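Undergrad: First, the structure itself, so that you have it in front of you.
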Amino acid sequence: MKRLLILTSIFAAVAMASASAAEIKIGYLLPLSGGGAEYGQRQLKGANLAIEEFNRRGDAGFTIKLVTSDTKCTPVEASNAAERLVERDGIEVMIGGTCSPEAAAALRVTRKAQIPQVVPAAAATSLTEEGNSYIFRIVPNTKQLAENLADVLAERIKVKQIATVYLNDDFGIDLNRNLVARIQSKGVKVLAQQGVERTTMDFFSIAAKLKPLKPDVVVAPLFNKPAAQLARAMREQGMTATLSDTIMLTDEFHKLAGPAAYGVVQTTFFHPTVKTVRGRAFVDAFKAKYGGELPSNFEAEGYDATSLVIDALKRSGAAKSFSKDAVTTALRDTHEFPGVMGPITFDKKGQVVAVASKFVVIRNDHGKVEAMH
Amino acid sequence: MLEYLLTLLVSGLVTGSVYTVTALGLTMVYGILNLMNFAHGEVFMVGAYVGYFLFAVFGVSYPIAILGAIAGAAATGLLIEAIVFRPLRNAPQLSPLIASLGVSIFLQNLALLIWSPTPRMFNTPYVDQVVHMVIISMSMQRVIVFVVCVVLIVALYFVVQSTAIGKAMRAVALDAEAAALMGIDSRKVIMATFAIGSGLAGVAGALVGPILILSPFMGIPIILKAFAVVIMGGFGSIQGTVLAGFILGITESFGVLIIPTAFIDTIAFILLIATLLVRPTGLFAERIEENV
Amino acid sequence: MKAARLSGASVAVVAVSVASLMVALALPWILKSDYYLQLFALSGINIILALGLNIVLGFTGLLALAHAGLFGVGAYTSALLVMRTGLSFWIALPASAAFAALVGGLVGMCSLRLKGHYLAIATAGFGIIIYQIFLNWIGLTKGAAALGNIPPPNPIPLPGLGVVSFEAPVAMYFLILVATVLAIVICARIKHSRIGDALLGIREDETAAEVMGVPTFRYKLLAFVLSAAFAGVAGSLYAHYTRIIAPEMFHLFETVTSLLMVVSGGLGSIVGVIVASIFFTLAPELMRELQDYRMIAYGALLVIVMIFLPDGLAGALRQIWRYGGTLLVRREAADGAA
């Protein structure tokens, strides 16, 4: 009789334990194919690491399943992908937003469904200016990025005159405007501002146009591919100006631009040489899981976004009962969450406070990358 | 300022030479078979990728990689001819046109699947060598593109005008039945034309690959501009194609001065439509087309 | 004999049509899922679009490749009219159709002196110019950032139902269903009218038609205008249905999908095009895992259909029907002889 009682209790306990290890789904909208595929793939690696670590620890009373959907970094696909995740897969917590128009489209869907969305990468300031109480962006916005870059160029690199080459979309125009305003206020001359399209292929003529103006630095917040083409074209033209970019460059740029990549100055907010405890732990874990590969800021974004959501789920009591409103509140109440990119706290608009670009990365003549903190 | 204008001119000549070579391949096929091969742009793309793989992955020297690209492109062209165009030889005009559109889409997406959208840099040693010419400078690669294209254009002209195969091509183009009566094997001539035409596109691809970045869709702007050049120059006319090709290249290059960069690609179409409206037979019409 | 066969066929067609209509009406209750209902709504839009292309390509034999651009003209015009000027959807819809028809007419005026490949390239060029305008006139269309937040059609009072709002997918589905049925009916009327005869005659042999006194240019232009109007209607419905539009949906290569629907359905056949449109709308969605292979399959299909099945599905069915009929006749003859 006693043995039966013990056995039944054990069974009951096990049953309760497995029942309470509920699986919670997090939706992640990513560009997995198309032009922005590299950025999506990198984020996914970071996210998967975070989930693996969390599920392995298994001490929160629930496990996480990541449900991804490909946005191709275009607004229409993003809108469809978001709707699919929300309507067909029943997602109630979303991460996503890499290219700004894509992010805007997805946010429309989550906002209407009253689902919190953590934005890991898209920087256009407008996203947090629309009174959306469901957005939580963990990276600096274009204004912060631009001003930080301007400060670095003016104060550390001490430039006297620059030219800018920017992408003709929400993100690029906004970044350029803020950059120009800030750097002019520091007494630097802006000789020319050249807008380019996503489809522009002829950087040779653009470089030819800028050459006679003799800028010290050409500031070109562009993606890897066009930045590489511009760098090459500048070199072809025999320009001595340095190229400068912000968060969009990864090691791909180095491969694409070859010798033209030497001397390029880049600001970013995460670099594998990070010295914080949290950062180091992340880099080591990443290397261990992915065969010695080093993470860039995109992997860090994926990791932090996912870790933040998991943390918010814990704080909102999702182990006992899941409520998307509780998660939203928990996200809003986040205070100094220890992300690998820095502590995360949100302002009233859902914009993270003070992560800013903490690293200046210079790719030197020997192809080695130096990061100055 | 002078520097800038000269650079634009030179850039236009380089682009123009590429357009011309590609368009010549297209017009050759049209001359023989009376059909526009939409998939010609993909043959160009195949040339670029084959050249890339041979050079960057298999470590072959650049000139040999170019030869490989020609072979690959010619093979692709012959395959298309055999599988798609030969069965439709006697079908109504619309059929091979639609079919070639299908081939184009097929090849683009097949390339996408096999080679993935990762941007690849075709880094020949010439891309980083800078050549200084008086007051302007450019990479050696661009110089090579221009020189090779001009050589090919001259060579093609010579082949078509003076060699036996060239004469056979012109004969079949003019009157296939009569040519057959004269003992010309039109099937072989057609195959040769396809091979040469596709080979030209392949060379263009391998030459320009290092300047652009390879992508499975890189053939799309090229084919549309090649069409424009062929129509502007007048079907079947080598001189016309050459003239139109360089005009387009230079106009696009100088276009940046007046038109916002976003609309540069539209120049080709505007010129095309203007030609169709004003002088539909093109600059140097060698044949009166019943289509206009 | 012929008269008897005709009515046999028409009875079948009527029966199938009525049955399909009943299924279509009952679909929201059969499917029970908004997600799948939306696929059928999309099919309806694609049917209207493909039928439009069928008029110019199937009936008249003109490879006009500006179709996706005209679709976009309808979509953007409708969205912008409603969002910028506060016009009601119910006025914006016909207005967009009319504007698209106008643009189609202009394209036709410029291109129709040409034939065959020239026409194809010229219309493709126009299609690309239209696309570039969508992409680069950012002030008007927001370009690649996409035009979102397009409102659904304004609520209207319907007899017996009160004021109907179109927020819900079911309502949109029925609206699109009505439009699709209308489009099919109009298309059928055109086909069996004098206009249809003229267009088919031009397709068969334009020179002969001219000799017979048919004002071919005028009819070809009419075909262009009609097909553009269809595209405009489809575009307007599409914009207010998906609520977000971007230039990339109206690129030249989107015409390929409509092209595939028309060609595999059977140039000139209405039923064939309807079936093909539904198939090619549902298939990619239901086989999402195979998305990567979708365009490869489309390209290959275009080639295969052109080589082996140039008359499309309809042609194949017609052959089977005829074959079946011949079998029947032979058996009757055999019975008679015996």
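Undergrad: Near the amide H of A:Tyr28, under 5 Å away, which other amide H atoms are found, from residues 5 or more places off or on another chain, if H is placed in the peptide plane?
TA: A:Val67, A:Thr68, A:Ser69, A:Ile95
Undergrad: Sketch the reach of a paramagnetic label on A:Val277 as a point 7 Å from Cα along Cα-to-Cβ, and name the residues of region A:294-336 whose backbone nitrogen lies under 17 Å away.
TA: So the set is A:336.
Undergrad: Please report how many Lys pairs in region A:104-259 have alpha carbons closer than 13 angstrom, counting only residues at least 8 apart along the chain or sitting on separate chains.
TA: Final tally of qualifying lysine pairs is 7.
Undergrad: Using the basic label-point model (7 angstrom from Cα toward the beta carbon), what is the B:Val131 to B:Met1 distance in nanometres?
TA: 2.9
Undergrad: For a label point 7 Å from the Cα of A:Gln41 along Cα→C-beta, name the residues of region A:245-271 whose backbone N is under 17 Å from it.
TA: It comes to A:249-257, nothing else.
Undergrad: Sticking with this one: Taking the Cα atoms of region B:65-148 alone, what are Rg (to one decimal) and Dmax (as a whole number) in Å?
TA: 18.9, 57
Undergrad: If you line up the Cα atoms of chain C on their principal axes, what length do they span on each, largest first, in Å?
TA: Between the extreme Cα coordinates on each principal axis of chain C lie 78, 50, 43 Å.
Undergrad: Please quote Rg/Rh for region B:2-278 to two decimal places, taking the Kirkwood radius as Rh and restricting both calculations to Cα atoms.
TA: Ratio of gyration radius to Kirkwood radius: 0.97.
Undergrad: OK, next. Return P(r) of the protein assembly as shown (all Cα-Cα pairs; 10 Å bins starting at 0; whole %; ordered from short to long distances).
TA: Each 10 Å bin holds this share of Cα pairs: 2, 10, 18, 22, 20, 15, 8, 3, 1, 0, 0.
Undergrad: Compare B:Val145, B:Val84, B:Val18 in a GNM of chain B, Cα atoms joined below 10 Å, and give the one with the largest fluctuation.
TA: B:Val84
Undergrad: Moving on. Where does chain C land at 222 nm, in deg cm²/dmol rounded to the nearest 500, when only DSSP H runs of n ≥ 4 count, each adding -39500 (n - 2.57), divided by all residues?
TA: One gets -26000 deg cm²/dmol as the mean residue ellipticity at 222 nm.
Undergrad: What are the ³J(HN,Hα) values, in whole Hz, obtained from phi via the Karplus relation 6.51 cos²θ - 1.76 cosθ + 1.60 with θ = phi - 60°, for each residue of region C:285-291 in sequence order, with x given for Gly and Pro?
TA: 5, 6, 10, 3, 5, 9, 3
Undergrad: Considering the protein assembly as shown, which cysteines have no disulfide-compatible partner, defined as another cysteine with its Cβ under 4.7 Å away?
TA: That list is B:Cys149, C:Cys110, C:Cys187.
Undergrad: Only four residue types carry charge here, +1 at the Cβ of Lys and Arg and -1 at the Cβ of Asp and Glu. Report the dipole size of region B:2-278 about the Cα centre in Debye, rounded to the nearest 20.
TA: Computed charge dipole of region B:2-278: roughly 360 debye.
Undergrad: I want to check a number: in chain C, how many lysine pairs have alpha carbons closer than 27 Å, given a sequence separation of 8 or more or different chains?
TA: 4
Undergrad: Here's another thing I want to ask about it. If r is the Cβ-Cβ distance from C:Ser33 to C:Glu167 and R0 is 25 Å, what FRET efficiency results, to the nearest 0.05?
TA: 0.90
Undergrad: Which whole number gives the average count of other chain Cβ atoms within 10 Å of the Cβ atoms across peptide A:196-202?
TA: Average per residue, whole number: 6.
Undergrad: How high is the relative contact order of region B:2-278, given as a whole-number percent (alpha carbon pairs under 8 Å, six or more residues apart)?
TA: 39
Undergrad: If r is the Cβ-Cβ distance from C:Met287 to A:Gln114 and R0 is 22 Å, what FRET efficiency results, to the nearest 0.05?
TA: 0.10
Undergrad: Once you average over the residues of B:101-114, how many Cβ atoms of partner chains fall within 10 Å of each Cβ?
TA: The shielding value for this peptide is 6.
Undergrad: Please state the Cα pair-distance histogram of region A:91-243 with 10 angstrom bins from zero: what percent is in each bin?
TA: Calculated P(r), rounded to whole percents: 11, 36, 30, 16, 7, 0.
Undergrad: Which FRET efficiency, nearest 0.05, do B:Ala164 and C:Ala26 yield, Cβ-Cβ r, R0 45 Å?
TA: 0.05
Undergrad: In sequence order, what are the phi-derived ³J(HN,Hα) couplings for region C:274-279 according to the Karplus relation 6.51 cos²θ - 1.76 cosθ + 1.60 with θ = phi - 60°, rounded to whole Hz, with x for glycine and proline?
TA: Those phi angles translate into 4, 4, 4, 4, 4, 4 Hz.
Undergrad: Karplus couplings for region A:299-305 from phi (6.51 cos²θ - 1.76 cosθ + 1.60, θ = phi - 60°), rounded to Hz, Gly and Pro as x?
TA: For region A:299-305, the Karplus curve yields 5, 5, 4, x, 5, 5, 4 Hz.
Undergrad: In nm², what is the average projected area of the convex hull enclosing the Cα atoms of chain A?
TA: 20.0
Undergrad: Shielding of A:76-83 by partners, i.e. mean partner chain Cβ atoms within 10 Å per residue?
TA: The per-residue average across the peptide is 3.
Undergrad: Let me ask something else about it. Just to be sure I understand: if I project the alpha-carbon convex hull of region A:19-146 onto a plane and average over all orientations, what area do I get in nm²?
TA: If I average the Cα hull's projected area over directions, I get 8.2 nm².
Undergrad: In a Gaussian network model over chain A where Cα atoms closer than 10 Å are linked, find which of A:Ala260, A:Ala288, A:Ala227 has the largest mean-square fluctuation.
TA: A:Ala288
Undergrad: Further question on the same structure: Would you compute, from DSSP H runs of 4+ residues alone, the mean residue ellipticity of chain A at 222 nm, taking -39500 (n - 2.57) per run and dividing by the full residue count, rounded to the nearest 500?
TA: Mean residue ellipticity, 222 nm, calculated: -13500 deg cm²/dmol.
Undergrad: For B:Ser139, what residues show an amide H to amide H distance below 5 Å, using hydrogens built from the backbone and excluding near sequence neighbours?
TA: B:Val131
Undergrad: Sticking with this structure for a sec: Below 8 Å between Cα atoms, with a sequence gap of 6+, how large is the relative contact order for chain C in percent?
TA: Relative CO of chain C lands at 31 percent.
Computed from the coordinates by the stated procedures, all read-outs in this text should not be read as laboratory data. On a predicted model such as this, the values are computed, not experimentally measured, just so you know. Counting neighbours? That spans all protein chains shown, and the Cβs are built from the backbone with ideal geometry, glycine included.
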